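Worksheet: one structure, shown below.
The values are calculated or read from the model by the stated rules, or taken from the named source; none is laboratory data. Worth saying up front: this structure is predicted, and the values here are computed from it rather than measured. All Cβ positions, even for glycine, are placed from backbone atoms using ideal geometry, and neighbour counts span all protein chains on display. For the accessible areas, the whole protein counts, side chains as well, though only heavy atoms, and no ligand, DNA or RNA atoms are used. Shrake-Rupley method; radii C 1.70, N 1.55, O 1.52, S 1.80 Å.
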Amino acid sequence: MARLFEERERAAEMIFARDEEARFVARCRRMRGLAWYAAAKLGVDARAAEGYAAELVASLVQGVKDEDLLERIQADLAANGVIETMGNLRAELMRLGAQASLEPAMSAADGHPPRPDVGPLPTPMVS
């Protein structure tokens, strides 16, 4: 009987760990998407956009809060003459979060979770 409970506990822990990893990957994907959104607003090339996205994802991995990253993006845009409200940035982040949570958690090629910094590129929306 004790073994059954231990097996259930291990299964619950594995499910929890998998779900947390999927949430983390989705958060990285949405932040990466927001970086590409901002890069499109700035009109920079793909190399600069990817570098900016990598910086933001690295900040997220280091524990920087979403709100702080939104403020940074808004400041970066403003420094380059692009005015974007926090409301618009939050709405785009929410849209990208919904999109990221719908993407498959596993890569079809190798059966492993995709690395947050190399996931599929979102299509930047330019308003």
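Determine the gain in length on full extension of the stretch residue 13-residue 65; use 0.36 nm per residue of separation and subtract their C-alpha separation, reporting nm with one decimal.
Extra length available between residue 13 and residue 65 comes to 16.1 nm.
In whole percent, how big is the carbon plus sulfur part of the accessible area of region 35-78, probe 1.4 Å, protein atoms only?
Summing carbon and sulfur atoms, their accessible area is 52 percent of the total for region 35-78.
Rounded, prolate or oblate: which fits region 1-63 when a ≥ b ≥ c are the square roots of the eigenvalues of the alpha-carbon gyration tensor, with rounded for a/c under 1.5 and prolate only if a/b beats b/c?
It comes out prolate by the Cα gyration axes.
If I take R0 = 22 Å and measure r between the Cβ atoms of residue 20 and residue 72 in this structure, what FRET efficiency does the formula 1/(1 + (r/R0)^6) give, to the nearest 0.05?
My answer for the efficiency is 0.30.
Run the quick spin-label model on residue 45 and residue 82: label points 7 Å from Cα toward the beta carbon, then report their separation in nm to one decimal.
1.7
How do 34-42, 91-99 rank on mean C-beta neighbours within 10 Å, highest first?
Ranked by mean Cβ neighbours within 10 Å, highest first: 34-42, 91-99.
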